[in-house]
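To start, the structure itself, in structure tokens.
All of the numbers you see were taken from the coordinates with simple rules; none came from a lab. Every value quoted in this text rests on a predicted model; they were computed, and no experiment measured them. When we count neighbours, we look across all protein chains shown, and the Cβ atoms used for this are built from the backbone with ideal geometry, even at glycine.
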Amino acid sequence: MPQQTAHYLKDYRAPEYLVPAIRLDFDIREEHTAVAAELSIQPQPNAGGTLVLQGSAELVSLAINGQRLPENSYSLENNTLSIPNVPAQPFSLSVSTRLYPHANKSLMGLYASGGNLYTQCEPEGFRKITYHPDRPDVMGIYTTRISADRARYPVLLSNGNRTGSGSLPDNRHWAEWHDPFAKPSYLFALVAGDLVCTRDSFTTKSGRQVALEFFTRAEDAGKVRFGIESLKHAMRWDETRFGLEYDLDIFMVVAVGDFNMGAMENKGLNIFNTACVLADSRSATDADFERVEGVIAHEYFHNWTGNRVTCRDWFQLSLKEGLTVFRDQEFSADRASREVRRIENVAFLRAHQFPEDAGPTAHPVRPASYVEMNNFYTLTVYEKGAEVVRMYHTFLGEAGFQKGMQLYFQRHDGQAVTCDDFRAAMADANGFDFEQFALWYSQAGTPVLEVSGSLQAGNRFMLNVRQSIPPTPDMAAKQPMMIPLKVALFSADEDSFGEPIPFRLPENLSADANTHTEAVLTLQQAEENIELQFEGAYRQVVPSLLRGFSAPVNLHYAYSDHELSVLLACDSDPFARWEAAQTLYRRAIAANEAALVSGSPLPEHRALLQAIDYVLRADIGAAFQAVLLGVPGEAELWAGRKNIDPLIIHRAREALLDLIASHFAEQFAALNAEARRMEEEQSGLAEPYEYHPQQAGWRALRNVCRAFILRASPAHIAEVAERYPQMAHNMTHEWGILCAINHNERPERNRLLEQFAAKFRSDDLVMCKYFTLIAASHRADTPAQIQAALAHPAFSLENPNKARALLGSFGRNVPHFHAADGSGYAFLAGQIGRIDRFNPQIAARLAQAFNICAQLEPQRRSLMRAELEKLAADPALSKDSGEIIGKILQ
Ligand code: ARG
Ligand code: ZN
């Protein structure tokens, strides 16, 4: 492993030189692109005389105020350019570089995809284009000129407004763009290529017309409508809920098939992974549509939270990402099915962020150090960061939160700021003390709340709450945090069964005080006792805790099975109902595991079966029913455990699913038929954009039923295969069926998958679904099928979507990845080693499948370690992978 240099938050220094304006000239040629940059440099009072710039592009020449610099007048080491003795007055620096975008497989900086050119600069890709401070607190006005062959690159785009274009000799042409808003270098973008444009427009609340332009390959133009509609919804929503209006006359979105992440919010020129913008019902599932709507909104919302107000340094990434994820979650919730969206967000956080927070790469929402910033675009920064923003909202309410947002923009529009600035705006706008709340930004690990409760004298419920934050590799001892705990009380007495009990707040127990049926308690100490008083007397009171998932914590309360069933059936908070079911599932899996380990018969799980019976009959909406039937996944069950045997937990979970499937076989068949009728009845709803949340709910329920039906009777696959063609007009159905039969050992499974691959062989996004199915299957021949997939003409290791589909999915395939002989570990490590040579970012992502290493039982742990040590021994290993693997091996 090469030497690792860490960057520390505590080392932050204000920039010595600013770059308030920059002119870029891109001369695009067959094999290379020549870039001439002219930087207006403004020395600051703290300037020391040496200008330090970052860059890794081939440097052709440097000049100051037009005077060429001889090579011995500057030094270039480790991609850092130092020019001593620069003028103390503002000056101009000309930098010319030469890029080879067709050879750039890292997909950072300027790169080619399908013959077109695209950029990705966040966080530190701009330095692959030219030499620049390349840090977000250095902001400037960009003017960009692009020239290229007209036939090969008819479309030439950059940020802002097009200010000129024209013809050049040799069938070439040029375009010039000017972005009037000062921005950090990470928001620079350029696109050149043969793309078609789908146009629309949006009138802002103040009456300005904004041109909307979506650029895709010609063959993808038919899949762009839904994304455009999503954008218009997002623009309207940001005006109505946040009072934020778009600020340029044009908003462009470009879709590209090779992209490391989901999408990028470059000012006025968003660049999207095709997977996050293209959708039609033939090739995209309802979940894909929902993702497109969410990501389009997310990138659009960045225009204010990210671009107008940006980050001072990369440690503050959650300032823009946590806030923008919160905003996109709220947007999606306001669009439809708020309760189901919230549950999905929590389930996702638990399945992915909680394990991260309990593993070797755990870090605070504002990390204290990094080696490679790309490794910190994490679930903690994004998803836990969004929960942190949500907690302000929970404390302040919508009106108070919006007051805080207004003050934030008033103070910081046009600036690069910190998470503390955001916290101060929320505090000052509301006169609210968020001092202790700062710990949410500096302490990693999921807090644990141990809660106990007792009913006293029939009219008081006493809560005892102890909080602790588990140690993480970066920090052993932690301080108590400020945690919003939303609570309610329900009666379990016969005469008032399931009714909410109005109570007085602990800070106001006087008899004439108002009562509430729900309250946000503010936890601040390691241990506290809280008294909730009410009128009348009850014999059985069930507390509903952490309602709406009011904080990203693990809460333990010794509910009886009966109490959980009360909450599941009667709680007015959908999250709390779902959580009651999740607790029953977790208990049942744990009981199965104990039985498997001791060799005793599996328990009957009566309480759980009764609860499921209730869910199957309840009139609560199909989408809600579908999520209530979701059993926690393995990664979530592993969080915080030691000496894990993944196969035993896997079998314990599978056994529970088998029991549910066989116990409710008839109900699932009936519900499936009902859902089918309802979906068809509503088939008129979807026009013209082919997705409708209500129909999606019925389809989600159908797919849950299908999975249980085929689990209970694998032979049913023959019938499914026969009827398959009828469903093959809608990807949600195709996907649901293929998932339901994917582990099936019968030959029909292979036939259906092969048909699917043949039908969609030229649709890259659908082929990703095919590779996912191959890699996720529990079938015995999966390793061989994965080998075949690697050689499939539609597969490419260089395409991140495909690599993630096949290898990322394999890393989550518990029985095969964790095969006892270590073959799964060896396979994935080998592929990561190959990818690391050209795309370190993706390699480092995939390497996180090994995060579980230290928690495994000794045999697997040493097999896994051996593979990681082999990777680490490679002197050419990237710093991206080196940082992750180093942490896992520590
Ligand atoms: N800012 C982008 C977003 O909206 C993510 C870009 C991250 N890109 C990267 N190469 N790390 O979330
Ligand atoms: Zn973002």
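A few points about this structure:
- On Cα atoms only, tilt of 879-889 relative to the major axis of the chain in degrees: 30
- With contacts taken as Cα pairs under 8 Å and at least 6 residues apart, the chain reaches a relative contact order of 9 percent.
- Normalised by 2.2 N^0.38 Å, where N counts its residues, the alpha-carbon radius of gyration of the range 732-890 equals 1.06.
- The alpha carbon convex hull volume per residue for the range 416-488 rounds to 127 Å³.
- Dipole magnitude (debye, nearest 20) for the range 667-814, charges at Cβ of Lys, Arg, Asp, Glu: 400
- The range 244-269 and the range 401-452 have Cα centres spaced 27 Å apart.
- In range of the label at Ala438: residues from the range 1-43 whose backbone nitrogen is under 20 Å from the point 7 Å along Cα→Cβ: 8-14
- Calculated FRET efficiency, Arg152 to Arg761, Cβ-Cβ distance, R0 = 30 Å: about 0.70 to the nearest 0.05.
- Prolate/oblate/rounded label for the range 474-584 (Cα gyration tensor, a/c 1.5): oblate
- Inter-part distance where the range 144-193 and the range 345-392 are each reduced to a Cα centre, Å: 37
- Nearest-0.05 FRET efficiency for Gln3 and Glu666, computed from C-beta distance (R0 60 Å): 0.40
- Kirkwood Rh, angstrom, the range 157-225 [1 / mean 1/r, Cα pairs]: 14.5
- Point-charge dipole on Cβ atoms (K/R +1, D/E -1) for the range 758-890, about Cα centre, debye to 20: 240
- Where labels lie 7 Å past Cα in the beta-carbon direction, separation of Ala218 and Glu507 in nm: 6.6
- Three-way shape call for the range 235-380 based on the alpha-carbon gyration tensor, with the a/c threshold at 1.5: rounded
- Theoretical gain in end-to-end length, Ser82 to Glu58 [0.36 nm per residue, Cα-Cα removed]: 7.1 nm
- Loop exposure criterion: GluC sites (Glu not before Pro), DSSP state outside H, G, I, E and B, at most 10 other Cβ atoms within 10 Å. Applied to the chain, the longest stretch between such sites is 32-434.
- Each label point was placed 7 Å from the Cα along the Cα-to-Cβ direction; for Asp874 and Arg539 their separation is 6.8 nm.
- Sites Arg723 and Glu798 - FRET efficiency at Förster radius 30 Å, r taken between beta-carbons, to 0.05: 0.20
- Projected area averaged over orientations for the range 595-723, convex hull of C-alpha atoms, nm²: 10.4
- Charge sum, other residues only, whose C-beta stays under 11 Å from Ala279's C-beta, Lys/Arg counted +1 and Asp/Glu -1: -4
- Three-way shape call for the range 451-513 based on the alpha-carbon gyration tensor, with the a/c threshold at 1.5: prolate
- If you look at the Cα atoms of the chain, you get an Rg and a Dmax of 28.2, 92 Å.
- The slack in the chain from Gln610 to Asp821, taken as 0.36 nm per residue of separation less the alpha-carbon distance, amounts to 71.9 nm.
- Overall, the chain carries a charge dipole of about 1320 debye about its Cα centre when +1 sits on the Cβ of Lys and Arg and -1 on the Cβ of Asp and Glu, all other atoms neutral.
- Reduced Cα scattering model of the range 45-201, Debye log10 I(q)/I(0), q = 0.13 Å⁻¹: -0.70
- Values of log10 I(q)/I(0), in the order q = 0.20, 0.23, 0.24, 0.29 Å⁻¹, for the range 261-328 under a Debye, Cα-only, solvent-free model: -0.78, -0.95, -1.01, -1.26
- Computed label-point distance, nm, for sites Glu31 and Ala594 using a 7 Å Cα→Cβ extension: 7.0
- Within-10-Å neighbourhood charge of Gln540 [Cβ basis; K, R +1; D, E -1]: -2
- Of the trypsin sites (Lys or Arg not before Pro) found in the range 620-692, those in coil by DSSP whose Cβ has at most 12 other Cβ atoms within 10 Å are Arg641, Lys642.
- Segment Asp413-Ser73, length gained on full extension (0.36 nm per residue, minus Cα span): 118.5 nm
- The lysines whose alpha-carbon is closer than 27 Å to the alpha-carbon of Lys403, local same-chain residues fewer than 8 away aside, are Lys183, Lys205, Lys232, Lys267, Lys320, Lys384, Lys486.
- Bridging of Lys870 to lysines at a Cα separation below 17 Å is possible for Lys879, Lys887, once same-chain residues fewer than 8 apart are set aside.
- Distance from the C-alpha centroid of the range 9-37 to that of the range 201-228: 30 Å, rounded to the whole angstrom.
- Farthest toward positive dipole pole in the chain [+1 Lys/Arg, -1 Asp/Glu at C-beta], among Asn266, Pro783, Gly633: Pro783
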